[in-house]
Amino acid sequence: MASLQALTFDLWQTLILDSSITLRKARELRIQGVFAGLRELGFRVKEKAVEAAYEASGERIGKLWGARR
(Lines give C-alpha, C1' and ligand atoms only; values in the text may rest on other atoms or scores of the structure.)
Protein backbone atom coordinates (compact mmCIF):
# COMPACT_ATOMS: atom_id res chain seq x y z
CA MET A 1 0.00 0.00 0.00
CA ALA A 2 1.35 3.44 -0.96
CA SER A 3 2.05 5.91 1.81
CA LEU A 4 0.41 9.30 1.93
CA GLN A 5 2.88 11.96 0.78
CA ALA A 6 0.73 15.07 0.62
CA LEU A 7 -2.68 16.31 1.60
CA THR A 8 -4.30 19.55 0.47
CA PHE A 9 -7.42 21.38 1.54
CA ASP A 10 -9.59 23.78 -0.38
CA LEU A 11 -9.28 26.42 2.32
CA TRP A 12 -10.80 29.75 1.27
CA GLN A 13 -14.57 29.91 1.07
CA THR A 14 -14.68 26.24 2.11
CA LEU A 15 -13.09 25.82 5.53
CA ILE A 16 -12.59 29.55 6.12
CA LEU A 17 -15.35 31.88 5.00
CA ASP A 18 -14.50 35.48 4.20
CA SER A 19 -16.96 38.33 4.18
CA SER A 20 -17.17 40.79 1.32
CA ILE A 21 -15.40 43.32 3.57
CA THR A 22 -12.38 41.10 4.24
CA LEU A 23 -12.19 39.98 0.61
CA ARG A 24 -12.17 43.61 -0.52
CA LYS A 25 -9.48 44.51 2.04
CA ALA A 26 -7.32 41.53 1.01
CA ARG A 27 -7.60 42.62 -2.63
CA GLU A 28 -6.52 46.15 -1.72
CA LEU A 29 -3.55 44.87 0.31
CA ARG A 30 -2.40 42.59 -2.51
CA ILE A 31 -2.55 45.40 -5.07
CA GLN A 32 -0.77 47.83 -2.74
CA GLY A 33 1.90 45.23 -1.97
CA VAL A 34 2.62 44.47 -5.61
CA PHE A 35 2.65 48.20 -6.42
CA ALA A 36 5.05 48.96 -3.55
CA GLY A 37 7.31 46.03 -4.47
CA LEU A 38 7.54 47.08 -8.11
CA ARG A 39 8.28 50.70 -7.16
CA GLU A 40 10.93 49.53 -4.68
CA LEU A 41 12.59 47.59 -7.50
CA GLY A 42 12.66 50.72 -9.63
CA PHE A 43 9.70 50.06 -11.90
CA ARG A 44 7.68 53.13 -12.77
CA VAL A 45 4.15 51.86 -12.65
CA LYS A 46 0.84 53.40 -11.78
CA GLU A 47 -1.31 51.79 -9.14
CA LYS A 48 -4.22 51.69 -11.61
CA ALA A 49 -2.06 49.60 -13.97
CA VAL A 50 -1.29 47.14 -11.17
CA GLU A 51 -4.99 47.00 -10.32
CA ALA A 52 -5.88 46.31 -13.97
CA ALA A 53 -3.26 43.55 -14.17
CA TYR A 54 -4.58 42.05 -10.93
CA GLU A 55 -8.12 41.99 -12.32
CA ALA A 56 -6.99 40.50 -15.65
CA SER A 57 -5.00 37.77 -13.93
CA GLY A 58 -7.97 36.96 -11.69
CA GLU A 59 -10.25 36.62 -14.69
CA ARG A 60 -7.75 34.36 -16.46
CA ILE A 61 -7.23 32.17 -13.42
CA GLY A 62 -10.99 31.92 -12.98
CA LYS A 63 -11.41 30.69 -16.54
CA LEU A 64 -8.61 28.13 -16.17
CA TRP A 65 -9.96 26.94 -12.85
CA GLY A 66 -13.49 26.65 -14.22
CA ALA A 67 -12.34 24.71 -17.28
CA ARG A 68 -10.58 22.12 -15.12
CA ARG A 69 -13.36 21.44 -12.64
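The values are calculated or read from the model by the stated rules, or taken from the named source; none is laboratory data. For clarity, every value in this text was computed on a predicted model and none was experimentally measured. For accessibility, only protein heavy atoms count, side chains too; no ligands or nucleic acids. Shrake-Rupley method; radii C 1.70, N 1.55, O 1.52, S 1.80 Å.
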Mind pulling the per residue volume of the convex hull built on the Cα atoms of the chain? Å³ is fine. 154 Å³
Accessible area per residue of the chain at 1.4 Å probe, in Å²? 94 Å²
Give the angle, between 0 and 90 degrees and rounded to the nearest 10, that separates the Cα long axis of helix 47-67 from the longest principal axis of the Cα atoms of the chain. 20 degrees
Once S20 and Q5 are pulled to full extension, the length gained, defined as 0.36 nm per residue separation minus their Cα-Cα distance, is 1.9 nm
Considering only protein heavy atoms and a probe of 1.4 Å, how much of the accessible area of the chain is carbon and sulfur, as a whole percent? 60 percent
What is the helix-to-structure angle for 20-40, meaning the angle in degrees between its Cα long axis and the longest Cα principal axis of the chain, kept from 0 to 90 and rounded to the nearest 10? 60 degrees
